[in-house]
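Asks: Sending over a structure as C-alpha cells; questions will come in a sec.
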Protein chains: 2
Amino acid sequence: MGITIKDVAKAANVAPSTVSRVIADHPRISLDTKKRVRKAMKELGYHPNVNARSLANRSTQALGIVMKSSADKALQNPFFPEVLRGISAVAHELDYSLYISTGETEEEVYEGVQRMVYGNRVDGIILLYSRVDDNVINFLLEKDFPFVLVGKPCEHIDRITHVDNDNVNASIDITNELINQGHERIAFIGGDTDLVVTQDRMRGYEMALEKAGLPVREDYQIHKEFLKSGGREAVHQLFQLEEPPTGLVIVDDLMSIGVVTMLEENGISVPDDVSIVSFNNLYISEITRPSLTTVDIQIYNLGNQAAKCLIEKVNNQDEPAKRIIVPYELVRRQSSQHVSLNGASTS
Amino acid sequence: MGITIKDVAKAANVAPSTVSRVIADHPRISLDTKKRVRKAMKELGYHPNVNARSLANRSTQALGIVMKSSADKALQNPFFPEVLRGISAVAHELDYSLYISTGETEEEVYEGVQRMVYGNRVDGIILLYSRVDDNVINFLLEKDFPFVLVGKPCEHIDRITHVDNDNVNASIDITNELINQGHERIAFIGGDTDLVVTQDRMRGYEMALEKAGLPVREDYQIHKEFLKSGGREAVHQLFQLEEPPTGLVIVDDLMSIGVVTMLEENGISVPDDVSIVSFNNLYISEITRPSLTTVDIQIYNLGNQAAKCLIEKVNNQDEPAKRIIVPYELVRRQSSQHVSLNGASTS
DNA sequence: GTGAAAGCGCTAACAC
DNA sequence: GTGTTAGCGCTTTCAC
C-alpha cells in the first residue's frame, strides 16, 4: 500500500539510499542518476512518507501554532486568520506544514502544547499571545524547545525570541492623536489585564497623558471584559461622571465597535460627542461607521516575521534570541475629531 | 535523547512489546504488570513518539483542516475561528491533533492537501468550503481518502459525507421575513457565485419571491466581490434604479456591515429607508449598529459535527456517506423592519 | 500473560 | 558517486 523508496530504487536500478539522496538533492549524485530516479518517482507516483522521515531524521518539517484559549471568543478572533495568513505564506514557501492547537481552557492549551512537543509532532512553536505567568512559556523554556512569541514576553525577555509592535509608543502616538485634537479628558478601555499587550497600551496611554500634563484618573479606566454584560454598565458609568471623557483610547477595534453602539444607545454620538481611537486595524475597522481611527499593527507581518524567526531557530539551535519590532502606522479615519467640533451634530 | 519504550521496558523489567501493550491498554496483560509499567512511565517521564507510532500503525491521530484560499480575506474569516473551535473541541476530547492547510491560491491549497494525504500526515480531512468543480474534492474521492465537507457538495452528493445547514430554506425564511414585513422590492447581494452556499441562498431568495408572487428581477442581484472597489459602485447603481429596493438579502453579515456603510454614505438609512437581513450571525452582528437581523447557522456546531463524522469515518472506512443538517435560527434585530415604517427618520 | 523478532519507510554513517 | 547496513521508536505477529 503506497509506493516506497525501495520501489523507486528498484525501478531506477539504484539503491534506496541513492533515492534518498536524490530527494534531498544531495550534491554528489550524478545528474544522470538524478534524472533517472526522478523519472521513476514520477512514473510510479512516489511520495515520501513524512513519518518515516521524521523518525529517521528527528525533524518534522512542521510548525505548531498555539492560540490562547478561545473561551473569550470576541477579542482576538479577527486577529487570528490574518496572522495565520502571514505564517502560512512563509511556511508554504519553505515547505513547512502547520499544526494548530487551541483549547477552551488554559489547561487544554497547555496539554496541546505538550502533545506537540513530547510527541515530536513539530520542530518549533509559535505562540500567539503573551500573558503573565504562563505555564506554556515556562514549559518551552525548560525543555529548551524552539519557539517564538508574537507579543512581548513579560519575563526572560532576553531569552525569548519575539515579534512585537512597539505597543507603548503606538499607544503614546494614538493617545497624542486625541491630545493634539484638543481632548483633555481621555479615558482608556482595555481588555484582559493579564495580557502584556493590554499593559503596554495602557502604559503608553498614561505616559502620553503625563507628558501632556493631563491627569491620569482612575475612574477613566475600564477593564472589565465588557463585551459581556458588565461592560455596558461600565461604559454607562463612565459617562455618568461629572466630567465625562471626550476621548477614548480602546485596546481593540472590535471593542470600539461595541462601545460605539453602547454610546449611541445612550444618545452619545461618535465622533460628535466623543472621539475614539483604537488598535489593530482589522478589516472591519474600515467598513464600519464611523470608520475607526486606529493603529495598524500589521498583523500579517507579525505572522510572517514570527514564522521566519522560528524556522531560523529550528535550523540553528544556537540562533540567539531576537527581538523583532514590526512598525505600526496611524490610520486616521472618522471616529476621532478635534474636540472643538464636539456637539456638531446636535447644534 | 528522549525516553523510549525500551527504557521503560528495562525499568519495569518487561519486554518492549509489553510496554506497547500497556499503552494500548491491551486486555490480556496482568493488572500487576500494567501498574508496574505505568509507574515506570511516570517516573521516567515517558511520552510516545507519534511518528514512530504512525509509521508502524499507518495512523496519525491527526485531522487536516482545509480552508479555501485566503486571498479574499474579507468574507469567510470570522467564520473560521468559530468553526475551528467546534472542531477543536471534539478533536481534543478524542485525542486528535489538528493539521491546517491554507494558501493564497487554489493551487497552493491543492498542494497542501496533497502533502497531507501523500505524506501520511493526517487520517482524514475536513473541507471548510464547497465550490463547483473543485479539484481537491475530486482528488480526495479518487484516492478514497476519508473526508468531510462543511457545506453542500455540488456533485457526488450521496458519496460525500457533509455537514451543512439547509441554506435554501434558511434563505426562504429570512426572505419571507422581509416579505412579511411588507417589502416587495427585495434585492439580493451575494459573493462568489462559485460557492455552493451562495447558490443555495440565492435560490431560496428566488423561491420565496416567486411563492409570494413577487418578480425576480435581474437588476436586483449583485454578485461582484463588492467589498472591493467594484461593490461600492454596484450598490450605488442599485439605488439609482427607478424602483430601488426597500429590502436587501445579503449573503453574509460582514458584507451587510459594508453595505450599511455604503448606504449611509448616500444618505440611505438602515432600517429606516431600507431593511437588511443576512446570514451567519457572527459575533459582530450583535454589537454593530444597527444590529443585524440574520440567520444563525450555528458555526460552532457545524465544526463539531464535521469532526465527529470524520473521526467515525476514519475509524470505520465502511461508514456510509452521511448528511448532517444543522438547524438554523432566525435572529431578529434592528436592521429590518416593516416597510410601512420606511422614512421614519426623515419624517 | 509475556518475550523475541520482524518490519513500518526513511536517513545517515560507513564503505568502496 | 553509489551501495550496504544499521538504526529511528513503535506495533504486531508468532512463539512459548
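Asks: Hey, can you tell me all the residues within region B:98-149 that are more than 11 Å from chain A (Cβ to nearest Cβ) and among the aromatic types (Phe, Trp, Tyr)?
Replies: Scanning region B:98-149 gives B:110, B:129, B:139, B:145, B:147.
Asks: For residue B:6, all conditions in the list (1) open to solvent by less than 60 Å² (accessible area, probe 1.4 Å); (2) assigned to a helix (DSSP H, G or I); (3) away from chain A (no Cβ under 14 Å) hold save one; what is the number of the exception?
Replies: Answer for residue B:6: the failing condition is (1).
Asks: Go through B:112, B:103 for me and flag whichever is under 28 Å from residue A:109 (Cβ atoms), out of contact with any strand residue (DSSP E or B) (no Cβ under 6 Å at 6 or more places or on another chain) and small (Gly, Ala, Ser).
Replies: On inspection, the qualifying residue turns out to be B:103.
Asks: Residue check: is residue B:58 at the interface with chain A (Cβ under 9 Å from one of its Cβ atoms), more than 8 Å from DNA strand D (Cβ to nearest atom) and within 30 Å of residue A:68 (Cβ to Cβ)?
Replies: For residue B:58, the condition - at the interface with chain A (Cβ under 9 Å from one of its Cβ atoms), more than 8 Å from DNA strand D (Cβ to nearest atom) and within 30 Å of residue A:68 (Cβ to Cβ) - is not met.
Asks: Taking the condition of being touching a Pro at 6+ places or on another chain (Cβ under 7 Å) and farther than 24 Å from residue A:84 by Cα, how many residues in region A:289-316 meet it?
Replies: Here the count works out to 1.
Asks: Can I ask one more? Got at least one residue in region B:194-212 being basic (Lys, Arg) and either within 14 Å of another protein chain (Cβ to nearest Cβ) or surrounded by fewer than 16 Cβ atoms within 10 Å (Cβ to Cβ) (or both)?
Replies: Yes: one or more hits.
Asks: When the residues of region A:10-26 are narrowed to those that are touching a residue at least 12 places away in the same chain (Cβ under 8 Å) and more than 24 Å from residue B:50 (Cβ to Cβ), which ends up most open to solvent (accessible area, probe 1.4 Å)?
Replies: A:13
Asks: Could you tell me which of the residues A:277, A:270 is part of a strand (DSSP E or B) and touching a residue at least 60 places away in the same chain (Cβ under 8 Å)?
Replies: A:277
Rundown of residues vs (1) closer than 21 Å to residue B:339 by Cα; (2) among the polar types (S, T, N, Q); (3) away from chain A (no Cβ under 12 Å); (4) surrounded by 23 or more Cβ atoms within 10 Å (Cβ to Cβ), yes/no style:
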residue	(1), (2), (3), (4)
B:242	yes, no, yes, no
B:249	yes, no, yes, yes
B:254	no, no, no, yes
B:273	yes, no, yes, no
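Asks: Residue A:152 is checked against (1) farther than 30 Å from residue A:186 by Cα; (2) open to solvent by 10 Å² or more (accessible area, probe 1.4 Å); (3) touching a helix residue (DSSP H, G or I) at 6+ places or on another chain (Cβ under 8 Å); (4) more than 14 Å from every other protein chain (Cβ to nearest Cβ) and fails just one. What number does that condition carry?
Replies: The number of the failed condition is (1).
Asks: Now a separate question. Tell me which of these residue A:54 doesn't satisfy, since it passes every other one: (1) within 11 Å of DNA strand C (Cβ to nearest atom); (2) over 30 Å from residue A:126 (Cβ atoms).
Replies: (2)
Asks: Of the numbered conditions (1) outside the structural domain of residue B:66 (by TED's automatic domain parsing); (2) under 30 Å from residue B:59 (Cβ atoms), residue B:185 satisfies every one except a single condition; which is it?
Replies: The failed condition is (2).
Asks: If you don't mind, there's one more thing I want to ask. Considering only region B:27-35, I want to know if a residue exists there that is under 30 Å from residue A:53 (Cβ atoms), open to solvent by less than 40 Å² (accessible area, probe 1.4 Å) and not in a loop (DSSP other than H, G, I, E, B).
Replies: The answer is no, given that none of the residues of region B:27-35 is under 30 Å from residue A:53 (Cβ atoms), open to solvent by less than 40 Å² (accessible area, probe 1.4 Å) and not in a loop (DSSP other than H, G, I, E, B).
Asks: Kindly evaluate residue B:86 against the criterion of being out of contact with any Asp or Glu (no Cβ under 9 Å at 6 or more places or on another chain) and more than 16 Å from DNA strand C (Cβ to nearest atom).
Replies: Answer is yes for this residue.
Asks: Give me the residue from region A:31-49 that is within 13 Å of another protein chain (Cβ to nearest Cβ) and under 42 Å from the mean Cα position of the chain (by Cα) and, out of that set, farthest from residue A:12 (Cα to Cα).
Replies: Among those that are within 13 Å of another protein chain (Cβ to nearest Cβ) and under 42 Å from the mean Cα position of the chain (by Cα), it is A:49.
Asks: Take the residues in region A:331-347 that are open to solvent by less than 40 Å² (accessible area, probe 1.4 Å) and modelled with pLDDT of 95 or more, then tell me which one is nearest to residue A:128 (Cα to Cα).
Replies: Across region A:331-347, the extreme among qualifying residues is A:331.
The values are calculated or read from the model by the stated rules, or taken from the named source; none is laboratory data. Keep in mind that this is a model prediction, so the values were computed, not measured. All Cβ positions, glycine included, derive from the backbone under ideal geometry; neighbour counts span all protein chains shown. All accessible areas refer to the heavy atoms of the entire protein, side chains included, with ligands and DNA or RNA removed. Shrake-Rupley method; radii C 1.70, N 1.55, O 1.52, S 1.80 Å.
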